[in-house]
1. Please tell me which of these pairs span more than 21 angstrom C-alpha to C-alpha: K162/K185; K11/K104; K80/K116; K104/K141?
2. Set the Förster radius R0 to 25 Å, insert the Cβ-Cβ distance between N156 and D225 as r into 1/(1 + (r/R0)^6), and round the FRET efficiency to 0.05.
3. Please turn the phi angles of region 101-106 into ³J(HN,Hα) values with the Karplus equation 6.51 cos²θ - 1.76 cosθ + 1.60 (θ = phi - 60°), one per residue in order, whole Hz, x for glycine and proline.
4. Among V101, G147, S111, pick out the residue whose Cα is farthest towards the positive end of the charge dipole of region 94-174, where Lys and Arg carry +1 and Asp and Glu carry -1 on C-beta, about the Cα centre.
5. From the phi angles alone, apply the Karplus equation (6.51, -1.76, 1.60; θ = phi - 60°) to region 123-129 and give each ³J(HN,Hα) in whole Hz, x where the residue is Gly or Pro.
6. Calculate, in nm to one decimal, what N20 and N91 gain on full extension: separation in residues at 0.36 nm each, minus their alpha carbon distance.
7. With r defined as the distance between the Cβ atoms of S109 and N182 and R0 fixed at 25 Å, what FRET efficiency is calculated, to the nearest 0.05?
8. 5 Å is the cut-off here: which amide hydrogens, built 1.01 Å from N in the peptide plane, fall below it relative to F64, excluding neighbours closer than 5 in sequence?
Amino acid sequence: MRLCSVEGCGKKHYGNGYCNIHWQRWKRHGDASIAKYYYTPPELKLAKKKRCSVCKEVKHYSKFAKNNHNTDKCQDYCTKCRKVMRTIIKNKYNGLYQVWVGIKERCFSPSSKSYKHYGGRGITMCQKWRDSFQVFYSWAKGKHRKGLTIDRRDNNGNYEPKNCRFVTNLENVRNSSTTKLNVTKVKQIKKLLEEKAVSVAKIAKKFAISESTIYSIKLNKTWKDIEIINTRGEK
């Protein structure tokens, strides 16, 4: 009979080399070795204390993340160990774990500074990605590399496989809902500047941006990589 690959476990194999319990930890956290949740005895609950599942020390609720003075609402490990575990997972998965956590915070945490631009606009994360980091990692690992950030093709769409990609920071900023200009608008502005038929002030008013921004485009200080094609077919 095939057994769980975790040292000292000895339970029947369930999937991906693990027993059912370790498979659930791997699916949820991306690491089957994360220590299990420790049962909190009644006497510790009365004292508002619980045992950290990593360092094994008994600590007050205030030493655990997301403390709501309720043991069921606290993390399984203390704040100090939580930072260590996140660092281990971050290094193991090439930063993709932090990408996954960041998306969830933007979409589902009203306390996040970016929530108003994502969850506040009705943007969410597909259920499969939200439920399992491993599902997200399987999709992202072949597309992500250092220097790239996750981006949504449709800026009003959700975080899901068909709408997401990895792009440079510059491309991501240009696709942001907070960015007034995009490639199409810049091409239109450059064409108007080339024709010299409309003043800078009128162009700025038309696109609801400052005149200084128009001058920056005109002098190739910004968006200098965007070129227009003239009627002769030349750049």
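1. Exceeds cut-off: K162/K185; K11/K104; K80/K116.
2. Numbers: r = 25 Å, r/R0 = 1.01.
So the FRET efficiency works out to roughly 0.50.
3. My calculation for region 101-106 gives 4, x, 4, 5, 5, 5 Hz in order.
4. Of the options given, the answer is G147.
5. 7, 10, 10, 4, 4, 5, 5
6. Stretched out fully, the N20 to N91 stretch lengthens by 23.0 nm.
7. Step by step, r from the Cβ atoms, then E = 0.35.
8. Placed amide hydrogens put T79 under 5 Å from F64.
Read the figures in this text as sums done on the coordinates, not as results from a lab. What you see is a predicted model, and the numbers here were worked out from it, not measured in a lab. FYI the Cβ positions are ideal-geometry reconstructions off the backbone, even for glycines, and counts take in every protein chain you see.
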